[in-house]
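Written out below as structure tokens is the structure these notes cover.
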Amino acid sequence: METTPTPGWNPQSSSLCTLHFALCTRFSVMVQRVAALVGVVALAGLAAGCGGAGAAGARGASAGEISLRATEFAYAPAQVRVAGPGEIKVTLDNRGVVEHDFTIEGAQGKLLVKPGATGSAIFQVAKAGTYTFACTVPGHKEAGMKGTLTVG
């Protein structure tokens, strides 16, 4: 089958170059806007994930960081310690095949991590003591997915 060019169409015409430039410029602006929107959503998600603040919403000094590995149905390590009350950054590496989360009894917030992913969140612990942390996915805590956090 033989094709014939459209009458009056010239691939070298400046109007096509102008159209191409306009489309590329619009695409570039659209990509920048999408990137900015993704950044805003990511910051909002981070702020929501850091919602472990007390009733007044005040944030304390950093008490420490803990890193845990989640599998079916355990955390490793199952016992962790931080220096004292305040903000605790928790990083959870989910090496399981199902979703797991992390909560600290008596503290607000929840860290939910999909299988094969890693997530972090900030929890606010107001006073020294011993706290239980657990996975609240139905049946997981009952299967032994819990541990002890010592603060102070």
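The values are calculated or read from the model by the stated rules, or taken from the named source; none is laboratory data. This structure is a prediction, so every number in the text was calculated from the model and none was measured. Neighbour counts run over all protein chains shown; Cβ positions are idealised from the backbone, glycine included.
Numbers for the structure displayed
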item: Residue list for segment 118-142, restricted to those being surrounded by 13 or more Cβ atoms within 10 Å (Cβ to Cβ) and assigned to a loop (DSSP other than H, G, I, E, B); result: A126, A128, C135, T136, V137, H140, K141
item: Condition met for E142 (in contact with a Pro (Cβ under 9 Å, 6 or more places away or on another chain), modelled with pLDDT of 95 or more and of a type in the set (D, E)); result: no
item: Total residues in segment 122-152, condition basic (K, R) and free of Cβ contacts under 8 Å to residues at least 12 places away in the same chain; result: 1
item: Residue list for segment 94-111, filter: surrounded by fewer than 18 Cβ atoms within 10 Å (Cβ to Cβ) and of a type outside the set (S, T, N, Q); result: R95, V97, V98, E99, E105, G106, K110
